Amino acid sequence: MFSIKNHIPNALTCGNLLCGIFGLNIVLSTPDFINQPDKLILPSILIGVALVCDWLDGFIARLVNAQSPIGKELDSLADMVTFGVLPAFIMLKLIEGSCTTGTCTVGLFGFYKPYIAFALAVFSALRLAKFNVDTRQSHSFIGVPTPANGMVVASLPLILVYHPEYREYVLNYNVLIIYSIVMSYLLVAELPLFALKFKNFDWKSNQVKYIFLILSLALILVFKFVAIPVIIFIYILISIADNLMGEKK
């Protein structure tokens, strides 16, 4: 029997995918990013909209008991585009914008170093594939989730435009290259991280999650877009600390 409610989660997942497609179209049609950083604002916003869709599709699927194998696969395919490929192309533009004369190529074969950004897309694919077959990740994560990387990369153009005082940090060639390499590794690392999924809402069993959410809200209110990379860094640190404390108990 046809039921509209059973198709709402997949419709939201498709919304996530469309955000990634539209974002990619904008990035690929903006060749001169360094003089038009505002052109990447909309792709960054679309990643934010996709994050909401990505959270809602799982929440509603559980709420109406409409979880399905095709929904899981569709979710991963959408995430690959929106939180894997799109951030990789935004990072490519950022690295190209930070290049000074002669620093974009290296070696005898003239390897184009900004292409290192594409590692984010490749390792996002590996991370999503591992997630789909790893039964340990039903209530937590092993490795940084792809939306977390998407959030960090999406925040960088917003920081450039709305917080220009941080421009020298955002368009730091070495920092961007190192971030691309380190985050690519963290996406597939055997690093346990908590998930913001609530079985109940009592303080004791969700203490770490509540502390993280309160701290994140405070940082956003004070530092706005600049807070996003800091929040993801704190998320990783809190997860590591929580795991260490759990092992000692």
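The values are calculated or read from the model by the stated rules, or taken from the named source; none is laboratory data. The structure presented is a predicted model; accordingly, all values stated were derived computationally and were not measured. Here the Cβ positions follow ideal geometry from the backbone for every residue, glycine too, while neighbour counts run over all protein chains shown. Only protein heavy atoms, including side chains, enter the accessible area calculation; ligands, DNA and RNA are left aside. Shrake-Rupley method; radii C 1.70, N 1.55, O 1.52, S 1.80 Å.
If only residues of the stretch 120-135 that are among the small types (Gly, Ala, Ser) and open to solvent by less than 30 Å² (accessible area, probe 1.4 Å) are counted, the one that is farthest from LYS93 (Cα to Cα) is SER124. Determine which member of the set LYS204, LYS224, LYS209 is of a type outside the set (Gly, Ala, Ser), open to solvent by 70 Å² or more (accessible area, probe 1.4 Å) and at pLDDT below 90. Going through LYS204, LYS224, LYS209 in turn, the sole match is LYS204. The condition (being in a helix (DSSP H, G or I), open to solvent by 20 Å² or more (accessible area, probe 1.4 Å), in contact with a Ser or Thr (Cβ under 8 Å, 6 or more places away or on another chain) and aliphatic (A, V, I, L, M)) is satisfied by just one residue among LEU51, LEU42, LEU74: LEU74. Among the residues of the stretch 156-179, those identified as open to solvent by less than 20 Å² (accessible area, probe 1.4 Å) and either in contact with a Phe, Trp or Tyr (Cβ under 6 Å, 6 or more places away or on another chain) or not in a helix (DSSP H, G or I) (or both) are LEU158, ILE159. Residues in the stretch 184-239 that are farther than 14 Å from SER155 by Cβ, touching a helix residue (DSSP H, G or I) at 6+ places or on another chain (Cβ under 9 Å) and among the hydroxyl-bearing types (Ser, Thr, Tyr): SER184, TYR185, SER239. The residues listed here are VAL144, VAL153, VAL182; of these, the one that is closer than 20 Å to ALA125 by Cβ, among the β-branched types (Val, Ile, Thr), part of a helix (DSSP H, G or I) and open to solvent by less than 20 Å² (accessible area, probe 1.4 Å) is VAL153.
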